[in-house]
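A short worksheet on the structure shown next.
The values are calculated or read from the model by the stated rules, or taken from the named source; none is laboratory data. The model shown is predicted, which means the values in this text are computed figures rather than measured ones. Positions of Cβ are generated from backbone atoms using ideal geometry, with glycine treated the same way; all protein chains shown enter the neighbour counts. Each accessible area value is taken on the protein alone, full model and side chains, heavy atoms only, with ligands, DNA and RNA left out. Shrake-Rupley method; radii C 1.70, N 1.55, O 1.52, S 1.80 Å.
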Amino acid sequence: MSDAEGGADEPAPRVALVTGGNRGIGLATARRLSRAGHRVAVTYRTEPPPDADAHSLTCVRCDVTDPESVASALAETTERLGAPEIVVCNAGITRDKLVLRMSEDDFAAVIDANLAGAFRVAKQAVRAMVRARWGRIVFISSVSGIGGQAGQANYSASKAGLIGLARSLAKEFASRNVTVNVIAPGAFSTDMLAALNENQLGAIVERVPLGRVGHPDELAAAVEFLVSEDASYLTGIVLAVDGGLSMG
């Protein structure tokens, strides 16, 4: 149907892969992409997401710190759904400590999971995108990667590294119609915030100009836009979804 006949054509459904998609922001993103009509696979390390069948999600076990596990997860996704055309790198860990108490392992483990893990997934997934001359990669960073955070030197460094990685890949693959962007979330109602007491949560909310924490689906909406055809001229951007927190 043409626009003149009453509406534009529906966008083509794609195969999407969301790492760390078993809860929180990753799960909200996977569910939203599924509602948009995409065929969605989510990775998990220990437990698959709840109600995966109800949301038409394909669950794939993957440890992003293991290159062979990443290769296996991509192969399984390709076999079951097709080669991923959309990849959202969300998997990550925290080991928060003041730097004088942070061990070498604390630092290296977070860098390996959050930064090197995204590199492993993107490197292997982008090959099919280049051949198809269409692809979308989104790295989930953090406002901590923009402004830093006391007690999170490892986490902030890993999330800041995603920005440099994304912009390098954006320049490498732009000629193949593959866009690479970053979303930097602020405070969201996830398990991480649920572990805070009322005073700690209140202190965070006080710093947010909009005066509240975000809902994971609000961040998922930003991901949905960046992987759409409407965002085809956006690459290498860092989009802060944080209620204004990163303004300072």
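Counting only residues that are under 14 Å from the mean Cα position of the chain (by Cα) and either at pLDDT below 95 or assigned to a helix (DSSP H, G or I) (or both), how many does region 126-141 have? Don't jump to the end; show me each part of the working.
Going through region 126-141, the residues under 14 Å from the mean Cα position of the chain (by Cα) turn out to be 136-141.
The next check asks that each one be either at pLDDT below 95 or assigned to a helix (DSSP H, G or I) (or both); those that pass are none.
Within region 126-141, residues that are under 14 Å from the mean Cα position of the chain (by Cα) and either at pLDDT below 95 or assigned to a helix (DSSP H, G or I) (or both) number 0.
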Task: Neighbours by Cβ (under 7 Å, 6+ apart or cross-chain): first from region 141-164, over 18 Å from I204 (Cα atoms); second aromatic (F, W, Y) - done: N154/F107; L162/F139
Open item on the list: Which of the numbered conditions does A91 fail, given that it passes all the others? Conditions: (1) part of a loop (DSSP other than H, G, I, E, B); (2) over 14 Å from the mean Cα position of the chain (by Cα); (3) not acidic (D, E).
Closed with: (2)
Open item on the list: Going through G202, G236 one at a time, which residue ends up being open to solvent by less than 50 Å² (accessible area, probe 1.4 Å), under 22 Å from I163 (Cβ atoms) and either of a type in the set (G, A, S) or touching a residue at least 60 places away in the same chain (Cβ under 8 Å) (or both)?
Closed with: G236
Task: Boolean, L219 is in contact with a Pro (Cβ under 6 Å, 6 or more places away or on another chain) and either open to solvent by less than 60 Å² (accessible area, probe 1.4 Å) or not in a helix (DSSP H, G or I) (or both) - done: yes
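Scan S156, S144 and give me the residue that is crowded, with 16+ Cβ neighbours inside 10 Å, more than 30 Å from V15 (Cβ to Cβ) and at pLDDT 95 or above.
S156
One line per residue, one yes/no per condition, for (1) more than 27 Å from A170 (Cβ to Cβ); (2) open to solvent by less than 40 Å² (accessible area, probe 1.4 Å); (3) in contact (Cβ under 8 Å) with a residue 60 or more places away in the chain; (4) not small (G, A, S):
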| residue | (1), (2), (3), (4) |
| --- | --- |
| R45 | yes, no, no, yes |
| D53 | yes, no, no, yes |
| R80 | yes, no, no, yes |
| G92 | no, no, yes, no |
| A113 | no, yes, no, no |
| F119 | no, no, no, yes |
| A122 | no, yes, no, no |
Open item on the list: If the requirement is being under 17 Å from V138 (Cα atoms) and either assigned to a strand (DSSP E or B) or over 16 Å from the mean Cα position of the chain (by Cα) (or both), which of these qualifies: T78, T29, T43?
Closed with: T43
